[in-house]
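Read the structure below first, then the notes.
The values are calculated or read from the model by the stated rules, or taken from the named source; none is laboratory data. Computed from a prediction, not measured in an experiment: that's the story for all the values here. Because the Cβ atoms are built from the backbone with ideal geometry, glycine has one as well, and the counts that use them run over all protein chains shown. Ligands, DNA and RNA are excluded from the accessible area calculation, which covers all protein heavy atoms including side chains. Shrake-Rupley method; radii C 1.70, N 1.55, O 1.52, S 1.80 Å.
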Amino acid sequence: MTDKPKGRKSPSSKAAKSKASLSKGRPMRLRIERIGAQGDGIAQTGDGPIFVPFTLAGDEIDAWLEPGPRGTIRAQMEGLITPGPGRQDAPCRHHGQCGGCSLQHLDADLYARWVADRVQMAMAQHGLGDCPMAPPQISPPSSRRRLSLKAMRTSRGVLLGFAMRQSHHLVDVRQCPVARPSLVALFKPLRALLHDLMPLRAASVISLTEADNGIDMVIDGGIAPGLSMREALAAFAQSRDIASLHVMEDGLCDPVAVNRRVEMVFDGIPVPLPPGGFIQATAEGEAALRALMLEWLEGAQNCVDLFAGIGTFSFPLARRARVLAVEGARTALDALQSGVNKASHLKGLTALHRDLFRRPLSAAELAPFDGLIIDPPRAGAVAQMGEIAKSGVRTVVAFSCNPNSFARDARILVDGGYQLCQISPVDQFLWSPHVELAALFTKS
């Protein structure tokens, strides 16, 4: 091993020193060139990219540099010198603090282009950047029907809202332009209720879901429901017409007030929604995904729905084809089966309990099917996609809430002989970096 010449520094050490000087914090004028996958504006400099939240391409700004995660350089905008094209005034007064909707400063056209670019960037990383893409279908404001709020009792009262961007600090939210008005109307009375029930410095998570026949509410943590507390919660549910109110305690879901069974209706079939159960974030997004699924599976007679949930796609499809609905969560599958028991005029719908991560349906088990739906969690489903790739299923309809894991899984199908025919972004999380999509794969 030879010694390095004294007095000389390697190029890598020079770059590290330059980056270190930037990361100590100092002002700089920047021009934003593009918006990245997480919604931050990106300025290219001689020391590498600098990420600046709440900016867009064409913005010229004064910014204060600071260290970012994993060696990146970030900046906070101190002043907007020249706005870029497509900038608008944010409709929410919490913009810039609340971590929920970081892209409110993009007008409708620019936001739609960013949604499409977000998907295409993810696909390009796996060699699929030239895939045919339909224009994004974006849910409108005031349409989100699922919220997960954080609550904390402080000496000044109850804070209720969402975490600050890239922080655990809680933003006390008084409005939410993306949520349904019926959910936003609960913010103020919820603060008053929790102020009387939560001890000082206690924290809780409040899940609100507007189903088709009322609101489902689940309180997780922060309270220990004794008799008086149960009475207060029941009175709140009655006065606010909450369909069901449950409290999570020691991992158990305690039904404190159930005024009526919470239901979703899929193609005219009522299906019970378990407390805190998953549904598509907006009715508009659900309708768009369902329409694409029915169009792409036209003519299929024997289909399988993987990660079927409570049957969002299984029931409409079962009107015209035989469907095997496979789900690993027992509560969701029981709800689906309850809907099956009361449904009529179905070609055939069978529910199967199976953990598709540990025991994916094999290529041999998939052999009888000519149509397949798969809607996995954010992490995707590598093992199941590998079995699909080896199968002879003619048409595969894939849904995803994570373009990155979807692109990885899509590569598996394409390498297995499938053709990626179309991607349709369906954005149910307006003004956020979260993008959903539907995709059609076919195999000859």
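Listing for the model above:
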{"quantity": "By average C-beta atoms within 10 angstrom, highest first, the peptides 342-355, 102-115, 206-219", "calculated": "206-219, 102-115, 342-355"}
{"quantity": "Computed E for ASP415/LYS188 - FRET, C-beta separation, R0 45 angstrom, nearest 0.05", "calculated": "0.25"}
{"quantity": "Extension gain, ALA124 back to ARG93 (0.36 nm per residue minus Cα-Cα distance, nm)", "calculated": "7.6 nm"}
{"quantity": "Rounded to the nearest 20 debye, dipole of region 61-125 from Cβ charges on Lys, Arg, Asp, Glu", "calculated": "220"}
{"quantity": "Region 181-290, relative contact order in percent, only Cα pairs under 8 angstrom and at least six apart counted", "calculated": "22"}
{"quantity": "Solvent exposure of region 233-335 as accessible area per residue, Å², 1.4 Å probe", "calculated": "37"}
{"quantity": "Cα centroid separation - region 61-91 against region 365-444, whole Å", "calculated": "35"}
{"quantity": "Largest to smallest accessible area among SER338, SER228 [probe 1.4 Å]", "calculated": "SER228, SER338"}
{"quantity": "For the chain, with +1 on Lys and Arg beta carbons and -1 on Asp and Glu, the positive-most of PHE236, GLY277, ALA116 along the dipole", "calculated": "ALA116"}
{"quantity": "Per-peptide average of other Cβ atoms within 10 Å, ordering 255-262, 271-278 highest first", "calculated": "271-278, 255-262"}
{"quantity": "The chain - percent relative contact order, Cα under 8 Å, separation 6 or more", "calculated": "12"}
{"quantity": "Cβ charges +1 (Lys, Arg) and -1 (Asp, Glu), total dipole of region 120-198, debye", "calculated": "400"}
{"quantity": "Lys pairs under 23 Å by Cα in the chain, provided they are eight or more residues apart or on distinct chains", "calculated": "12"}
{"quantity": "Relative contact order [Cα under 8 Å, 6+ residues apart], region 311-444, whole percent", "calculated": "19"}
{"quantity": "R0 of 60 Å, Cβ-Cβ distance VAL265-THR72: FRET efficiency to nearest 0.05", "calculated": "0.85"}
{"quantity": "ARG230 paired with ALA367, simple spin-label distance in nm, labels 7 Å along Cα-to-beta-carbon", "calculated": "5.5"}
{"quantity": "Share, in percent, of DSSP beta bridges within the chain that are antiparallel, nearest 5", "calculated": "70"}
{"quantity": "Largest-first ellipsoid semi-axes for region 214-266, taking √(5λ) over the Cα gyration tensor eigenvalues, angstrom", "calculated": "19, 14, 7"}
{"quantity": "Computed E for ALA203/ARG320 - FRET, C-beta separation, R0 30 angstrom, nearest 0.05", "calculated": "0.05"}
{"quantity": "Dipole magnitude of the chain about its Cα centre (Cβ charges: Lys, Arg +1; Asp, Glu -1), debye to nearest 20", "calculated": "1420"}
{"quantity": "Pairwise centroid distance, computed over Cα atoms, of region 32-49 with region 245-279, Å", "calculated": "43"}
